[in-house]
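A short worksheet on the structure shown next.
No value in this document is a laboratory result; all are computed from the given coordinates. Just so it is clear, the structure is predicted and the values come from calculations on it, not from any experiment. In this analysis, Cβ positions are derived from the backbone assuming ideal geometry, glycine residues included, and neighbour counts consider all displayed protein chains.
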Amino acid sequence: MTQLPKIILGSTILLIVTIAGDFCIKKAATLKQYTGWQLLLLGGVVNFACAIGWFWIYRSQKFLTVGAILSIGLLALSVLVSQVIFKEKINNWEIFGVVLGFISLAILLKNGNL
């Protein structure tokens, strides 16, 4: 397996697991009287494990490349989870921000900076 497919596969797995950790933290925050402390702890442990995974990806890639993958990936997955699982409403300014995020990634890709 060459380097690029490994990076893409590793990044995709880490993004999904990171969102799972964030899901646990958000779910814990919605529970009353701090009854979700176990979920909070689980989310923190998952995010810590993901930080170690990102460390290994950062070792072989440029900061800009990994930062763009991480930022846009988390943005897209966060919007998906907030809409599908938590049924949160997204306003026009938030939609505008998401669109700008994807435009910035497209500009970086077009200029060959990633």
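Observations on the structure shown:
- Value of [θ]222 nm, deg cm²/dmol, for the chain, DSSP H segments ≥ 4, -39500 (n - 2.57) each, nearest 500: -28500 deg cm²/dmol
- Length gained on full extension, W93 to L64: 7.9 nm, using 0.36 nm per residue less the C-alpha separation.
- Charged-residue dipole, Cβ positions (Lys, Arg, Asp, Glu), the chain about Cα centre, Debye nearest 20: 80 debye
- Modelled this way, with points 7 Å down the Cα-to-C-beta line, the labels at Q33 and L9 are 4.8 nm from one another.
- Taking trypsin sites (Lys or Arg not before Pro) in DSSP loop states with no more than 11 other Cβ atoms inside 10 Å as exposed sites, the chain has its longest site-free stretch at 1-61.
- Euclidean distance of C-alpha centroids, the stretch 59-114 and the stretch 30-48, integer Å: 25 Å
- In this calculation the C-beta distance from I107 to I52 is compared with R0 = 35 Å, giving a FRET efficiency of 0.70.
- Each residue in S11, S104 was given a count of other beta-carbon atoms within 10 angstrom of its own, and listing them fewest first yields S104, S11.
- The structure shown yields semi-axes √(5λ) of the Cα gyration tensor in Å, and of the options (1) 28, 21, 9; (2) 24, 16, 14; (3) 34, 15, 12 that calculated value carries the label (1).
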